[in-house]
Amino acid sequence: MTKYVDRFLLPNKDTEEKLIKERMAYNGGDFGYIDNIYPCGIFTEKELSELDFENITILYGGNGSGKSTLLNLIANKLEVKRIAPFNSSELFDAYVNECKICMAEDDEGYEYKCVPHNSRIISSDDIFDYMILARENNRQIADNVEELRNEYKQLKYGDNIRLTGLDNYEEFNKQILARNKSKRKYLYKMAGEQVKLNSNGETAVEYFEKKLQGGCLYCLDEPENSLSPKFQRQLTDLIQEKAKYDDCQFIIATHSPFVLAINGAKIYDLDESPVDIKKWWQLENVLEYFNFFEDNRHLFLD
């Protein structure tokens, strides 16, 4: 299985204090101040200084555990492509500069210089934004179609438009199209075709199927959002297939038991202090599911 990145090193407490003091001095000289020290203090308190990656590495933790912050630090340090904005601060870029990346070696023993060009971070916001934009696009097309229906009838059956020059070329061309095409083809030509959208879960799975190309590193931030258990299992099958057969490496922030149970994944438990490496069935959120079903076992047996 392919690895492009081997290790990620975080700044220690002394380095964080230096960053804070430098920014305070920059902001106000002798009367320095700083509004927000994020992300300083998050990982030093958890005694996390280094991550050793596998082909699939998972950052697990509850809300506020820092898993998305850590994923964004890694993505920014690797300079992978991104779409959606993320939580940042006046110290974020300086903090990223103090992080260190150790690249993995290829099959011939040479260290990778960088991650593959099309590597990217994908967050649930990317998918939601796509669906919102697609819906707005479809709404605008639907509005245009209603106007074009009347225009088509007038151009198709109305008086002939004689071309007099550039001034009426556009109207003349529209009439030619209207008289040479069916109404449906004319409406598609002039208004465009709507983007086909299914349910949120189906659209999310389709999004991942198109975006996860071969030979890349992917940082996935809570990819299970909007996915039913059935679709979460489809997503985990896709991730495992890409990792095993298509030269992909994954770093995933999640608390989904289906994603956590990916075969061979290395899991960092960010709810622990110090941060610990665990098996998926040892994690607090997974145990909550287990206890819930155990308490209701009789309902399933009945």
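Readers should treat all values here as calculations from the given coordinates under stated rules, not as data from a laboratory. In this text, all values refer to a predicted model and were calculated from it rather than measured experimentally. Methodologically, a virtual Cβ is constructed for each residue, glycine included, from the backbone with ideal geometry; neighbour enumeration extends over all protein chains shown.
Here are some notes:
- Within segment 52-91: backbone nitrogen closer than 19 Å to the Asn36 label point (7 Å, Cα to C-beta): 63-77, 83-91
- Coarse-grained scattering of segment 56-137 at q = 0.26 Å⁻¹, given as base-10 log I(q)/I(0) from a Debye sum over alpha-carbon atoms: -1.37
- Length gained when the stretch Arg7-Phe293 is fully extended (0.36 nm per residue, less Cα-Cα span): 99.2 nm
- Ranked list, fewest to most other Cβ atoms within 10 Å of each Cβ, for Met103, Met1: Met1, Met103
- The length gained on full extension between Glu202 and Asp129, counted as 0.36 nm times the residue separation minus their Cα-Cα distance, comes to 24.8 nm.
- Highest average packing first - 85-95, 249-259, Cβ atoms within 10 Å: 249-259, 85-95
- Sorting the segments 76-82, 117-123, 106-112 by their residues' average number of neighbouring beta-carbon atoms within 10 angstrom, most packed first, yields 117-123, 76-82, 106-112.
- Sites Cys114 and Leu301 - FRET efficiency at Förster radius 51 Å, r taken between beta-carbons, to 0.05: 0.40
- Rounded Å value of the spacing that divides the Cα centres of segment 42-112 and segment 218-274: 16 Å
- Spin-label model distance (nm) - Asp14 vs Ala261, 7 Å beyond Cα toward Cβ: 4.6 nm
- Placing a pseudo-label 7 Å from each Cα along the Cα-to-Cβ vector at Asp52 and Leu238 gives an inter-label distance of 3.2 nm.
- Inter-label distance, Lys21 to Lys211: 4.1 nm, where each label sits 7 Å from its Cα along the C-beta direction.
- Gain in span if fully extended, Lys181 to Asp246, counting 0.36 nm per residue against the direct Cα distance: 18.9 nm
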